[in-house]
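A.B. asks: Here it is: the structure, laid out below.
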């Protein structure tokens, strides 16, 4: 009987290790939810690694809350259709350059968006968002993508309205189609 009990104990001895492994994997999944995919693009002759904003939640968050944007970084907002777009500076701490881009890679319009005062004490979320919308930045044409960079980068790179960017449009189309799966 003692031998049988030892086999039962040794058979379940691995359970604490499995539990630790599962907790560790769950933690990694949590970190993964916070990270974004990236897209590499050549803009004005320089390579950029852009975070992607494909889901509505990612698009609403955008670059909000970031204290800086790397010289070779930023974000690309990927939509499935060409539409008039309108961006605002929700929770943005720094000025941001934005360019709206059509489905063929041509720049539709550009702006340097100015950081706005954050939500004030006593200001509701609705009031805050309404205030920001009053100073929003329209695409002034149909755009499928929006690219945000550190303020001043578009001028440094000579990027302007009407210019065609070197973008992997097939990859962008794949990413747009994957939005429904997220």
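Just so it is clear, none of the values below were taken in a lab; they were calculated from the coordinates. Small disclaimer: the values here were computed from a predicted structure and weren't measured. Because the Cβ atoms are built from the backbone with ideal geometry, glycine has one as well, and the counts that use them run over all protein chains shown.
A.B. asks: Sorted from largest to smallest, which semi-axis lengths in Å does the alpha carbon gyration tensor of region 79-139 give for its equivalent ellipsoid, taking the root of 5 times each eigenvalue?
C.D. replies: The three semi-axes for region 79-139 are 26, 13, 8 Å.
A.B. asks: Report the extension gain between residue 102 and residue 140 in nm, rounded to one decimal, defined as 0.36 nm multiplied by the number of residues separating them, less their alpha carbon distance.
C.D. replies: Here the answer is 12.5 nm.
A.B. asks: So if we plug the beta-carbon distance of residue 114 and residue 169 into 1/(1 + (r/R0)^6) with R0 = 35 Å, what FRET efficiency do we get, rounded to 0.05?
C.D. replies: Between residue 114 and residue 169 the formula returns 0.70.
A.B. asks: Quick one: order 79, 48, 106 by neighbouring beta-carbon count within 10 Å, fewest to most.
C.D. replies: Fewest-to-most ranking of 79, 48, 106: 106, 79, 48.
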